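A short write-up of the structure that comes next.
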Amino acid sequence: MSNLGTFCLLLALCLSLYGLFASLLGAALKQHRIVRSAERAAIASCASILLALVSLLYLLATSDFSVEHVAQSTSRDLPLFYKLAALWGAHDGSMLLWVFVTAVFSGIVVFQNRFRYRDMMPYVVAVLMFNLSFFLILNIFLSNPFDELVQVLPGGTMQKFSPPDGRGLNPLLQYWAMVIHPPILYLGFIGFVVPFAFAIAALITRQLGDTWIRTTRRWTLVTWLFLGVGLILGGKWAYVELGWGGYWGWDPVENSSLMPWLAGTAFLHSVIVQERKGMLKVWNVLLIVITYLLGIFGTFITRSGIINSVHAFADSKLGVFFLYYMLLVLGASLYLIIDRLPYLKSERRLDSVLSRESAFLFNNLLLLVACFAVLWGTMFPVLSNWVEGTKITVGPPFFNNVGVPIGLMLLLLTGVGPLFAWRKTSVESLKKAFLWPVILALLLCVVLLAAGMRSFYVLVSFTLSMFVLVTIVQEFWKGTRVRVRKTGENFALAMVNLTLKNKRRYGGYIVHLAVVLMFIGLTGNAFNRETSQAMVPGDEMQIGRYTLKMTEYHEGEAANYQYGRATLEVYSGGKLIRTMQPEKRFYKASEGQSTTEVALYSKPLEDLYVVLAGPSNDGKRYEITAHVNPLVWWVWFGAAVMVAGTLITLLPDKRSSFANAQLTIAEAAEIEMGVKAR
Amino acid sequence: MNSANWKFLIGGAVIIAALSWLGFVGFQESKSYYITVDEFSAMKSDLHGKTLKIAGDVVDGSIERSGPGLEFVITHSGKNLKVRYIGRDVLPDTFKGGSKAVVEGTLSEDGVLLARHVEAKCASKYEAEYNKKTT
């Protein structure tokens with residue numbers, strides 16, 4: 001079975017290399033049939049990789065411990081679900097999943113465009129196959145999941161070897177969000193290859209209008225969505241499973257997925273300017289190259305070992321390959337962009353700083369500066385080692401100092417950007433558009449000040465959140481009212497139809513609304529409180545408005561772990577509101593690995609988060625740590641709204657009848673007029 | 001260049017300058033030197049008062065709960081360093097004898113590292129035991 005897997009991967013590599021060269025040859029000779037054969041090779045390589053994937057899943061399911069990956073990441077007592085999920089529980093197998101997703105994406109692109117863009121497609125296929133071949137080579141020759149275990153016998157002979165049981169999946173990974181987190185993140189990293197491939201094809205064929213952008217818009221959005229969901233799930237996992245009370249720690253691995261997300265967000269915004277105004281063409285091509293490379297770079301960071309030990313930078317063979325690949329892609333892309341500069345001329349220029357174009361530019365500037373700051377902080381140990389010979393690491397204060405103001409400025413732009421007119425916004429229309437948002441935001445600010453809030457960033461954040469919230473509500477209100485007058489629908493129906501008829505615009509507003517909700521949650525961090533106390537049953541501790549009374553401590557044994565469990569009654573205002581049972585587990589299979597099972601009581605206003613840290617130092621009591629984390633709930637809720645908003649913008653447009661389309665345009669015009677008239 | 005371009009460039013420059021300054025302040029506040037125990041032993045005298053991140057393996061059986069804190073020894077390439085954990089956070093689940101640890105803190109007068117943060121990673125058992133067949 002393991003030989004079959006390796007064979008399938010080798011076959012897929014041959015097919016993808018054939019696809020790469022045949023599509024280029026076919027384009028050079030203008031031989032359509034050769035290009036077709038390349039496209040078929042791309043799909044065949046996808047099928048071959050699927051077969052490899054299935055054989056690895058079979059090995060995992062049947063616990064064949066002669067295969068190193070299976071022995072490393074599963075054990076006999078693991079439930080089947082986790083056995084299969086262990087596919088991505090260790091490096092080799094997760095590379096196979098990566099390759100599989102890459103191949104599927106490439107296959108879908110080939111299939112989707114089998115009758116379209118005949119002049120661009122050979123180059124798109126070539127880029128996709130180049131990308132696939134690279135990862136296949138890494139997967140086959142440097143991290144093959146089908147490698148078998150061998151034992152060196154006395155005398156130096158080697159022998160195949162199958163241990164009686166495997167090491168087991170790290171118990172920290174046995175949590176639902178962690179199981180789906182890697183595949184979702186992969187979808188987010190990998191998908192940017194599609195707009196990237198179209199951008200390169202557009203450069204080569206000199207078709208630098210907005211075709212490549214429009215045709216990959218859905219790919220970009222879906223990829224961006226998956227990356228965002230992956231980030232959130234990672235945060236959720238850290239929050240619930242790691243027991244330190246937070247969800248984001250500026251850890252290099254977290255940073256490595258944040259960077260492509262930031263660049264991707266910039267790209268999503270700046271392409272709108274090219275679609276509408278024919279500007280920023282060079283910038284957009286550059287941005288997608290950067291985004292794609294940051295995705296590769298993220299994998300490189302998590303895979304090459306540069307992070308777990310800062311020493312191992314590019315020590316592993318894998319790291320060197322990634323570096324060369326990134327340099328090659330960057331070099332080739334930059335050469336193409338410079339060579340095609342005459343075709344990338346802007347059709348218009350910036351007329352005013354108070355314009356939608358300019359708001360987009362500032363948005364891009366801020367997102368890219370954020371991206372650069374994260375890159376800088378993450379890579380600083382490596383950079384300082386090159387320059388000075390000492391590794392200097394940078395902590396959260398650096399990231400927060402830069403990140404918080406950037407975040408707040410972006411929040412401001414979220415509110416003002418959509419209300420600026422293209423080209424030039426008159427002061428008159430600004431007054432009308434921003435009257436209510438400014439009044440209500442200032443009102444909130446005064447109330448907060450009166451309530452005794454003095455933290456500058458917190459005040460700014462809540463004030464801006466209110467401002468943006470009102471602008472969004474106002475937009476929905478205006479649009480809906482116009483539609484009610486026009487069609488006689490009731491208000492709710494009109495609002496739904498308004499959104500569905502202008503999915504990009506109103507879906508976008510919903511995503512912006514989600515951003516506001518998440519900012520409210522993030523701002524809650526400023527009020528986090530934490531207390532620790534060594535307790536025995538009968539003891540009480542105070543945190544915020546809660547009294548925690550320990551009633552019991554119990555030790556026991558489950559199928560594959562031992563546990564200690566504290567039972568605490570939570571009182572607020574003298575009333576019992578909840579019983580919480582934080583746990584500490586010790587897994588027998590995994591080298592006595594322990595995990596912390598957090599007890600969580602989550603409400604929109606605040607989370608009560610209780611951890612059993614273990615026995616106290618004198619061994620007679622139990623150390624309990626309690627956190628009160630206000631507003632965290634809004635982070636997860638905002639994320640859900642963001643998914644919903646993005647899905648709305650992704651809904652397919654029905655081939656609407658001409659009359660329908662007319663109505664929409666008329667409506668849109670009237671809404672614009674409404675802004676000016678009021 | 002028209003005036004809108006200039007305004008944008010100036011605005012952008014001001015933002016970047018302000019952020020760079022904030023970044024620099026945060027950097028000064030949070031930078032720490034990342035070294036292994038043996039590197040630390042070689043350059044001990046220069047490191048008083050600086051924030052250090054020191055990597056090494058936790059010596060099996062060296063973890064002692066003493067008084068208010070926790071003490072243990074980390075080792076790398078034959079050099080040892082005594083660490084006293086004075087942080088308030090719960091130690092990570094992966095921290096135990098034999099695990100790879102990175103401790104962050106400053107050096108005390110008596111040559112013990114006062115650690116405010118401890119990161120730990122499990123050592124892999126299998127990888128050391130078996131040789132991998134290369135295909």
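Within 14 Å of chain B (Cβ to nearest Cβ), in a helix (DSSP H, G or I) and at pLDDT below 85: is that true of residue A:381 in this structure? Show your work before the answer.
Working: within 14 Å of chain B (Cβ to nearest Cβ): yes; in a helix (DSSP H, G or I): yes; at pLDDT below 85: yes.
So residue A:381 fits the description; yes.
Could you give me the residue pairs with C-beta distances under 8 Å whose first residue belongs to the range A:211-224 and is over 15 Å from residue A:269 (Cα atoms), whose second residue is basic (Lys, Arg) wherever it lies, and which are 6+ apart or on separate chains?
From the range A:211-224, the pairs are A:215/A:116.
Of all residues in the range A:274-295, which are over 19 Å from residue A:337 (Cα atoms) and buried (at least 24 other Cβ atoms within 10 Å of the Cβ)?
Listed by number, the list holds a single entry, A:295.
Under the condition of being under 26 Å from the mean Cα position of the chain (by Cα), of a type in the set (Gly, Ala, Ser) and in a helix (DSSP H, G or I), which residue from the range A:384-410 is surrounded by the most Cβ atoms within 10 Å (Cβ to Cβ)? If you could, list the steps in order and put the result at the bottom.
Start the filter on the range A:384-410 by keeping residues that are under 26 Å from the mean Cα position of the chain (by Cα), which leaves A:393-410.
Checking the rest, the ones that are also of a type in the set (Gly, Ala, Ser) come to A:395, A:403, A:407.
With the extra rule that they be in a helix (DSSP H, G or I), the set shrinks to A:403, A:407.
On the way: A:403: 23, A:407: 21.
Top of the filtered list is A:403.
Of a type outside the set (D, E, K, R) and outside any helix (DSSP H, G or I): is that true of residue A:63 in this structure?
Answer is yes for this residue.
Can you tell me which residue is surrounded by the fewest Cβ atoms within 10 Å (Cβ to Cβ) among those in the range A:427-463 that are assigned to a helix (DSSP H, G or I) and of a type in the set (Lys, Arg)?
A:431
When you scan the range A:69-137 for helices (runs of 4 or more DSSP H) that lie fully inside it, which ones turn up with 3 or more residues that are at pLDDT below 90?
Because the criterion is at least 3 residues that are at pLDDT below 90, the helices (runs of 4 or more DSSP H) in the range A:69-137 that meet it are A:80-85, A:91-112.
Inside the range A:145-262, counting only helices (runs of 4 or more DSSP H) that do not spill past its ends, which hold 3 or more residues that are buried (at least 21 other Cβ atoms within 10 Å of the Cβ) and either of a type in the set (Gly, Ala, Ser) or touching an Asp or Glu at 6+ places or on another chain (Cβ under 6 Å) (or both)? Can you show your working first?
Working: elements: A:176-190, A:193-205, A:211-215, A:217-237.
So the answer is A:193-205, A:217-237.
Any chance you could count how many residues in the range A:57-85 are within 14 Å of chain B (Cβ to nearest Cβ) and either surrounded by 20 or more Cβ atoms within 10 Å (Cβ to Cβ) or farther than 15 Å from residue A:149 by Cβ (or both)? Steps first, please.
Just the residues of the range A:57-85 that are within 14 Å of chain B (Cβ to nearest Cβ), to begin with: A:65-75.
The next check asks that each one be either surrounded by 20 or more Cβ atoms within 10 Å (Cβ to Cβ) or farther than 15 Å from residue A:149 by Cβ (or both); those that pass are A:65, A:67-75.
Result for the range A:57-85: 10.
Would you check which residues across the range B:53-66 are more than 7 Å from chain A (Cβ to nearest Cβ) and surrounded by fewer than 19 Cβ atoms within 10 Å (Cβ to Cβ) and list them?
Passing the criteria: B:57, B:59, B:60, B:61, B:62, B:63, B:64, B:66.
Can you name every residue in the range A:355-381 that is touching a helix residue (DSSP H, G or I) at 6+ places or on another chain (Cβ under 7 Å), of a type in the set (A, V, I, L, M) and surrounded by fewer than 22 Cβ atoms within 10 Å (Cβ to Cβ)?
Within the range A:355-381, A:365, A:368, A:369, A:375 qualify.
Would you mind stating whether residue B:37 is more than 27 Å from residue A:377 (Cβ to Cβ) and more than 9 Å from chain A (Cβ to nearest Cβ)?
no
The values are calculated or read from the model by the stated rules, or taken from the named source; none is laboratory data. This structure is a prediction, so every number in the text was calculated from the model and none was measured. Glycine gets a Cβ as well: all are built from the backbone with ideal geometry, and neighbour counts include every protein chain shown.
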